[in-house]
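The block underneath contains the structure these notes are about, expressed in structure tokens.
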């Protein structure tokens, strides 16, 4: 048991060491940490409330008092971008959690039992995957209505097939291993085998996909908010801020610039971190 724990610790340390050597991935991790800290301490960082209006200072260009300028209602754009990080990161992480749990369970059951169970689940996943994920999220959000909870549900459901297929592929390779056969031989229940022996060995591809999936979820949520199916005003969300500012893009381009940069920077950080994790966890690259 101690040797197993020591081996797992050594593997984790090796993975983290290899990740640290990837400068671009560490830069993405640094940006992500800054965004998370910003979301947590938004009340202390933002100089104004996100819904505080000052019509006398509407359409004010970036200046000392409003470093990102103000919108059509005189609201401080910097404060709204800071508070918007809470919404976007919350949507991203919760939507991915929904997809990982639901997709992981479906993929694990399909891969472990096989036969008609596998065919039934995976054919259902194929039907869902035949619909573009963004279009599916739009359809679900339109059916459920606008709102934060519905936005997370719609984004999460659209990503379920991806995780189901990844987990199924991993389970198919792991369930024939000797340690799984040994667990069956001593009478261990299927549920225990799945949760204790198989799924922990599927974490590497799930972690990589989840990192990239958060980026997709944030981008999808921004797109839904942009077309009016996401967060309802005055709650700040980067996609909704872009949608509201598009009418003023010619005369007040800064109103679109900063929310757009926030989205781009977040997606960039998650993508390079996901690529770095994929390289660090790839057993073929280990010496």
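Matching residues to (1) free of Cβ contacts under 8 Å to residues at least 40 places away in the same chain; (2) part of a loop (DSSP other than H, G, I, E, B); (3) within 28 Å of the chain's Cα centre (by Cα); (4) surrounded by fewer than 17 Cβ atoms within 10 Å (Cβ to Cβ):
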{"position": "29", "(1), (2), (3), (4)": "no, no, yes, no"}
{"position": "59", "(1), (2), (3), (4)": "no, yes, no, yes"}
{"position": "100", "(1), (2), (3), (4)": "no, no, yes, no"}
{"position": "108", "(1), (2), (3), (4)": "no, no, yes, no"}
{"position": "123", "(1), (2), (3), (4)": "yes, no, yes, yes"}
Determine which single condition residue 146 fails, assuming it passes every other condition in (1) surrounded by 14 or more Cβ atoms within 10 Å (Cβ to Cβ); (2) in a helix (DSSP H, G or I). (2)
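Among the residues of segment 212-221, are any without any contact (Cβ under 8 Å) to a residue 12 or more places away in the chain and either within 26 Å of residue 123 (Cβ to Cβ) or in contact with a strand residue (DSSP E or B) (Cβ under 6 Å, 6 or more places away or on another chain) (or both)?
At the first step, the residues of segment 212-221 found to be without any contact (Cβ under 8 Å) to a residue 12 or more places away in the chain are none.
No: zero hits.
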Condition broken by residue 9, with the remaining ones in (1) at pLDDT 90 or above; (2) more than 26 Å from the chain's Cα centre (by Cα) satisfied: (1)
Collect the residues in segment 172-224 that are closer than 27 Å to residue 266 by Cβ, surrounded by fewer than 19 Cβ atoms within 10 Å (Cβ to Cβ) and over 14 Å from the mean Cα position of the chain (by Cα), keeping them in residue-number order. 203, 204, 205
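The values are calculated or read from the model by the stated rules, or taken from the named source; none is laboratory data. None of these values were measured; they are calculated from a predicted model. We place every Cβ from the backbone using ideal geometry, glycine too, and count neighbours over all the protein chains shown.
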